[in-house]
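Trainee: Structure incoming, see below.
The values are calculated or read from the model by the stated rules, or taken from the named source; none is laboratory data. Just so it is clear, the structure is predicted and the values come from calculations on it, not from any experiment. For neighbour counting, all protein chains shown are included, and Cβ atoms are generated from backbone atoms with ideal geometry for every residue, glycine included. Calculation scope for accessible area: heavy atoms of the full protein, side chains included, ligands and nucleic acids excluded. Shrake-Rupley method; radii C 1.70, N 1.55, O 1.52, S 1.80 Å.
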Amino acid sequence: MTYRVVQWSTGNVGRWALRSIVARPELELVGVWVSGPDKAGKDAAELAGLDEPTGVLATNDAQALLALEPDCIVHTAMADDRLMEAVEDLKMFLRAGINVVSSSPVFLQFPYGTVPSEMIDPVVAAAEEGGASLWVNGIDPGWANDWLPLLLTSGCERIDKVTCSELMDYSTYDNPKVLFEIMGFGRDLDDLPLLLQPGVLTLAWGSVVRQLAAALDVELDEVTQHFERLPAPEPLEVAGHSIAAGTAAALRFKVSGNRSGREVFVLEHITRLHPSLAPQWPQPTGKGCYRVEIEGEPDYQLDLQLYSDGDHAKAGLVGTAARLVSTVPAVVAARPGLLTAVDLPLTTGRGLVR
């Protein structure tokens, strides 16, 4: 069976999603949405860096793409600074009867207990109205902290604590808005960016610990957040920006799911703008990794290294995009509504072996 797909956005994740759609034999690219007029009218291949034209031209006419009645939209538009607008977009797709796999808003990965029902119910209602499904995922939040840890737990006799970590050097991450506005790198340590405002970390990553708890039948007492920032000891140049000595250059945060006064599920990020920063914090394997640690019987530690042309940041974008695209057939076949990782069958890179 062939699934007709529209790619929604061609930014950091979207251009890799385009490549992944073209690479998969069971998918047919029928449309591409772009936000700016500079990309409209260009062949999808040009936007994705492919040699062979696809014959599919990008457009900023959303209604024209919905009129194509695709089986699925791969939605990768950034929503960090426009959460509610992105939710409205997703509801529009669902009401039109179009299934959606999306990289954002990330709280929809597993929103139960993280956001109030007033934010969840309209999305579910739109899906039921259109008879369509929505699945939000990526790599983090995503398969690095849902399927990977859950797979390891199946080999346990006893589980005391599950910790999922991202340990990364972000100096090659090409997204200045996220780095300097949302995460607050290069800013005074007393100047809290959007990410570190009260409740934002639990909004963005609370879904991770709550989904693990639900999958393992654990009722949490609370979900808490904590962060620590460290300054650059000397000036740094990152993504064309100057990081002054004394401003934020390393960030460690965690979101914890607690029960009976102790941490049971932990999501932790340790982010540096240079590998030499914060040597006292946990170090990655290689240049960067996703780590799953299970304390119990037995103990497990799994370090996932990822590289694309030697760049771990690029690899994370490719992995996010490919994960979404690989699930299109399963999401199309699923029941209407809001899906989570535990609702889907095993999805693979079928058809990609060269």
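Trainee: Of 234, 219, which has the most accessible area with a 1.4 Å probe, and how do the rest follow in descending order? Each step should come with its number before you reach the end.
Mentor: Values: 234 115, 219 145 Å².
Highest to lowest solvent-accessible surface, that is 219, 234.
Trainee: If you take the charge dipole of the chain about its Cα centre, with +1 on Lys and Arg Cβ and -1 on Asp and Glu Cβ, which of 325, 349, 163 is farthest toward its positive end?
Mentor: Farthest towards the positive pole: 349.
Trainee: How big is the charge dipole of the chain about its Cα centre, in debye rounded to the nearest 20, if each Lys and Arg gets +1 on its Cβ and each Asp and Glu gets -1 on its Cβ? Could the numbers behind the result be given before it?
Mentor: Numbers: 27 positive and 47 negative charges, 101 e Å.
Using Cβ point charges on Lys, Arg, Asp and Glu, the chain gives about 480 debye.
Trainee: Let me ask something additional. Of all the accessible heavy-atom surface of the stretch 143-305, with the other protein chains kept in place and a 1.4 Å probe, what percent is carbon and sulfur? Numbers along the way, then the final one.
Mentor: Details: 3660 of 7320 Å².
After summing per-atom areas, the C and S share lands at 50 percent.
Trainee: If a helix is a whole DSSP H run, which ones in the chain reach 15 Å or further along their own axis (Cα) and hold a mean Kyte-Doolittle hydropathy of at least -1.0?
Mentor: Details: long enough: 83-95 (18 Å, 0.39); 117-130 (19 Å, 0.24); 200-215 (23 Å, 1.27); 312-326 (20 Å, 0.62).
The qualifying helices are 83-95, 117-130, 200-215, 312-326.
Trainee: Work out the charge dipole of the stretch 143-305 with +1 on the Cβ of Lys and Arg and -1 on the Cβ of Asp and Glu about the Cα centre, then indicate which of 199, 209, 267 is farthest towards its positive end.
Mentor: Of the options given, the answer is 199.
Trainee: Quick check: with the 1.4 Å probe, what order do 253, 180 take by accessible area, largest first?
Mentor: Values: 253 5, 180 25 Å².
The ranking, largest first, comes out as 180, 253.
Trainee: Let's test the formula: R0 of 25 Å, r as the Cβ-Cβ distance of residue 245 and residue 194. What FRET efficiency results, to the nearest 0.05? Spell out each step's value before the answer.
Mentor: Numbers: r = 24 Å, r/R0 = 0.96.
Efficiency at R0 = 25 Å is approximately 0.55.
Trainee: Taking every DSSP beta bridge that has both residues in the chain, what percent is antiparallel when rounded to the nearest 5?
Mentor: Working: 42 of 73 bridges.
Of the beta bridges lying entirely in the chain, close to 60 percent run antiparallel.
Trainee: Return the subset of 91/177; 287/314; 254/287 for which the Cα-Cα distance in this structure is over 23 Å, preserving the input order. Mind showing how you got there, number by number?
Mentor: Working: 91/177 26 Å; 287/314 12 Å; 254/287 21 Å.
From the list (91/177; 287/314; 254/287), the Cα-Cα distance tops 23 Å for 91/177.
Trainee: Treating only the Cβ of Lys, Arg, Asp and Glu as charged (+1, +1, -1, -1), what charge dipole size does the stretch 143-305 show about its Cα centre? Round to the nearest 20 debye. List each step's numbers first, then the result.
Mentor: Values: 13 positive and 24 negative charges, 43 e Å.
The dipole of the stretch 143-305 has a size of about 200 debye.
Trainee: Per residue of the stretch 332-338, in order, report the coupling 6.51 cos²θ - 1.76 cosθ + 1.60 (Karplus, θ = phi - 60°) as ³J(HN,Hα) in whole Hz, putting x for Gly and Pro.
Mentor: 3J(HN,Hα) across the stretch 332-338, in whole Hz: 4, 7, 6, 5, x, x, 8.
Trainee: If you don't mind, there's one more thing I want to ask. Given 105, 144, 176, which one lies farthest toward the positive end of the charge dipole of the stretch 70-192, if we put +1 on the Cβ of every Lys and Arg and -1 on the Cβ of every Asp and Glu?
Mentor: 144
Trainee: With labels modelled as points extended 7 Å from the Cα through the Cβ direction, what inter-label distance (nm, one decimal) is found for residue 64 paired with residue 346?
Mentor: Rounded to a tenth, the inter-label distance reads 4.3 nm.
Trainee: What is the distance, in nm, between label points placed 7 Å from the Cα along the Cα-to-Cβ direction at residue 218 and at residue 299?
Mentor: The two pseudo-label positions are separated by 1.7 nm.
Trainee: How much accessible area does residue 269 have with a 1.4 Å probe, in Å² rounded to the nearest 10?
Mentor: We get 10 Å² for residue 269.
Trainee: Using Cα centres only, tell me the gap between the stretch 254-321 and the stretch 139-169 in whole Å.
Mentor: 10
Trainee: In debye to the nearest 20, how big a dipole does the stretch 220-354 give about its Cα centre with +1 on each Lys and Arg Cβ and -1 on each Asp and Glu Cβ?
Mentor: Numbers: 13 positive and 15 negative charges, 103 e Å.
Approximately 500 debye in magnitude.
Trainee: Can you sort 78, 183 by 1.4 Å-probe accessible area, starting with the largest?
Mentor: 78, 183
Trainee: To continue, here is another question. So what does residue 293 come to for accessible area, using a 1.4 Å probe and Å² rounded to 10?
Mentor: We get 60 Å² for residue 293.
Trainee: Could you give the accessible area per residue of the chain, probe 1.4 Å, as a whole number in Å²?
Mentor: Numbers: 15190 Å² over 354 residues.
It amounts to 43 Å² per residue over the chain.
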